[in-house]
Ligand code: SF4
């Protein structure tokens, strides 16, 4: 039975179209892997020139504030100017986050990227990929590969390390193993993101139209057996996270554009001390952090660096001064210190667990997007959803969907 969650109990992240935690830059469509749930056409435009990328960044600068700039693709590490690009993003005022599968990452490249100002990496690792020289066939076995990258980044020093995994109906049951693995490595793993595989039955119930003309969505959205038969919702992932960590409790969310109670982005932050979970950040503390960040830096916080992530005790103490939920976390930390006094000066780590539930369809055909989408990118000078960029590339418009049952909703030709 999927977990019941009431969005109104959590803090609605204040992220919106023009003032957000994140923006999304794509310097290339090329990649060295083929992930089954990939949103991007591998035969797309290829590498952009640095000047083209700079002009995309100028579009962001004129129209949207954000704390971080996710540099994605394609895989940004196959982009020949990645080091210059990271430097450019940093100089223009964003924290550069490299979203990569990690395959092309070498120690020397990591050193160069650090010198250029990289703030963090988000490694996309899951069983939808066939990685060279990796025999792992389950998400649980892939924890070893995740550990390799977390360790590599930790050795480089002072770089945030996150992991994305696309989750399908076939891999959902492995979430608890990933949650426990992340807990064991909270000192070097700062964020785990579970992205639910997008709509495996796209063509089942809806017809697709581009500017009034019926089209075949299979040309854009290839269904893969890997995705499983069921459309996963955030509540399914919550249920599995709770199997890995019974204390799990979200703090903040982004709702859907069609449904107020959709949990499109669901964010939880746990405090881990001596390998044990002390509890979860409360919605009030999350609100305080976002508000302070905006007041003092001008942007809402999305990624914290390793030094901030090691301030779990301070967060418990500050939160405990104003909030009952955080006092329980603080009490657990103090209990730990009493039972193991030698760990008094050992840090407690903050670790984020995020669920992303991409576009899904309402029975009347409306597409429920993330309200205040953080992964907005630039297409021909305009801001568009990155998850639906291929619709713009191929048809010049976003597709409309119509229920096969209800033709009265057909768009005018
Ligand atoms: S609307 Fe699409 S691009 Fe934006 S955050 Fe949601 S899934 Fe990502």
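The values are calculated or read from the model by the stated rules, or taken from the named source; none is laboratory data. A quick note: this is a predicted structure, and the numbers were derived from the prediction, not measured. Positions of Cβ are backbone-derived with ideal geometry, glycine not excepted, and every protein chain shown enters the neighbour counts.
For every residue, the table says whether it meets (1) surrounded by fewer than 20 Cβ atoms within 10 Å (Cβ to Cβ); (2) within 16 Å of the ligand (Cβ to nearest atom).
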position: 148; (1), (2): yes, no
position: 162; (1), (2): no, yes
position: 180; (1), (2): yes, no
position: 208; (1), (2): no, no
position: 211; (1), (2): yes, no
position: 228; (1), (2): yes, no
position: 237; (1), (2): no, yes
position: 259; (1), (2): yes, yes
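Specify the residue that is nearest to the ligand (Cβ to nearest atom); the eligible residues are those in region 375-387 that are in contact with a helix residue (DSSP H, G or I) (Cβ under 6 Å, 6 or more places away or on another chain) and under 24 Å from residue 234 (Cα atoms). Residue satisfying both the conditions and the ranking: 375.
Against the definition (buried (at least 22 other Cβ atoms within 10 Å of the Cβ) and in contact (Cβ under 8 Å) with a residue 12 or more places away in the chain), how does residue 253 come out, yes or no? Yes: the conditions hold for residue 253. Taking region 125-221 and the helices (runs of 4 or more DSSP H) fully enclosed by it, the elements with 3 or more residues that are over 21 Å from residue 100 (Cα atoms) and at pLDDT 95 or above are at 175-184. Please verify whether region 389-397 includes one or more residues that are closer than 28 Å to residue 93 by Cβ, within 16 Å of the ligand (Cβ to nearest atom) and in contact with a strand residue (DSSP E or B) (Cβ under 8 Å, 6 or more places away or on another chain). Yes, region 389-397 contains a residue that is closer than 28 Å to residue 93 by Cβ, within 16 Å of the ligand (Cβ to nearest atom) and in contact with a strand residue (DSSP E or B) (Cβ under 8 Å, 6 or more places away or on another chain).
Of the residues examined, residue 333 is not one that is over 29 Å from residue 150 (Cβ atoms) and in contact (Cβ under 8 Å) with a residue 60 or more places away in the chain.
Scanning region 49-81 for residues that are without any contact (Cβ under 8 Å) to a residue 24 or more places away in the chain and outside any helix (DSSP H, G or I) turns up just one, 49. Hey, among the residues in region 232-259 that are out of contact with any helix residue (DSSP H, G or I) (no Cβ under 7 Å at 6 or more places or on another chain) and assigned to a loop (DSSP other than H, G, I, E, B), which one's nearest to residue 365 (Cα to Cα)? Filtering region 232-259 for residues that are out of contact with any helix residue (DSSP H, G or I) (no Cβ under 7 Å at 6 or more places or on another chain) and assigned to a loop (DSSP other than H, G, I, E, B), the one nearest to residue 365 (Cα to Cα) comes out as 258.
Considering only residues in region 262-277 that are in a loop (DSSP other than H, G, I, E, B) and within 16 Å of the ligand (Cβ to nearest atom), the one that is nearest to residue 332 (Cα to Cα) turns out to be 263. Filtered by the rule that a residue be within 14 Å of the ligand (Cβ to nearest atom), touching a helix residue (DSSP H, G or I) at 6+ places or on another chain (Cβ under 7 Å) and in a strand (DSSP E or B), region 13-48 gives 23, 24, 25.
Selection of region 95-139 for residues being closer than 29 Å to residue 224 by Cα, free of Cβ contacts under 8 Å to residues at least 40 places away in the same chain and under 22 Å from the mean Cα position of the chain (by Cα) yields 98, 100, 138, 139.
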